[in-house]
């Protein structure tokens, strides 16, 4: 019998495995209210991006900017927002995040309409496949163009436009594994985690986080896709990422700034250990699995 948690439980930082909405990240929770706040969501035409938009609408956001490369794919999440919250202003914009002029213009239009952007949820990403050495260089490097360069361009112009705010990158636990055929994806997402850590170190006015959205089942809208091999393990909900983004937008999440967080981890359990998480940098990248230090690794034999 297939264990649905086979690719989730090995990567748990908390004892509780969360694979659906729970009170601490429920968009209906008054403590997560987005009243008066504006959010810009990239990849909004996709499954996770669209669910993030729904979460912010449920939480009563003042304005939501939906960003995608295909204007028609933004119509469904825009309609969903309107049906959830008639008071939320919705703006649909197209941009290629690897093109600087597109992104600069994106923030210009967003600010003209909403005055400021409090939070960016960056849900754009691509996953190429192919073995190292066999894949054509231009195809292999495309993951880095979109997942790393696109992210840098986006945060660069966000900082230029507003100077401060919250920036949530979509990461993946694939950055922590070596699995044949996903070298470009895994490597680019690992670089994205490091970029987030540098932003945290160098830009004190920017609250930055990297989020693993889990293994997401097909969304209610039918958007997004599930890799056939992982279908038996795809039990996470796209709106979990939306709820977690609402949580991370709150000051109480400051102990997680610069960190990698999974939607499968219980945020209240993390809160209970925030002193240790901060002191030992438990959710930051480590160079190697060995415990490096003046005395060397404490070998067991």
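The values are calculated or read from the model by the stated rules, or taken from the named source; none is laboratory data. Everything quoted here is computed from the prediction, not taken from an experiment. Every residue, glycine as well, gets a Cβ built from its backbone with ideal geometry; the counts of neighbours run over all protein chains shown.
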So residue 57, is it in contact with a strand residue (DSSP E or B) (Cβ under 8 Å, 6 or more places away or on another chain), buried (at least 24 other Cβ atoms within 10 Å of the Cβ), without any contact (Cβ under 8 Å) to a residue 60 or more places away in the chain and not in a strand (DSSP E or B): yes
Selection status of residue 161, closer than 27 Å to residue 65 by Cα and in contact with a strand residue (DSSP E or B) (Cβ under 6 Å, 6 or more places away or on another chain): no
Every residue from the stretch 267-296 that is in a loop (DSSP other than H, G, I, E, B), touching a helix residue (DSSP H, G or I) at 6+ places or on another chain (Cβ under 8 Å) and surrounded by fewer than 19 Cβ atoms within 10 Å (Cβ to Cβ): 282, 284, 285
Any hit, the stretch 3-23, residues being part of a helix (DSSP H, G or I) and buried (at least 18 other Cβ atoms within 10 Å of the Cβ): no
Residue under evaluation residue 198, criteria (1) part of a helix (DSSP H, G or I); (2) farther than 22 Å from residue 143 by Cβ; (3) out of contact with any strand residue (DSSP E or B) (no Cβ under 8 Å at 6 or more places or on another chain), criterion not met: (2)
Top-ranked residue of the stretch 162-181 - restricted to ones that are at pLDDT below 90 and surrounded by fewer than 20 Cβ atoms within 10 Å (Cβ to Cβ), ranked as farthest from residue 123 (Cα to Cα): 180
Residue in the stretch 211-224 that is modelled with pLDDT under 95, within 17 Å of residue 173 (Cβ to Cβ) and assigned to a strand (DSSP E or B) present: yes
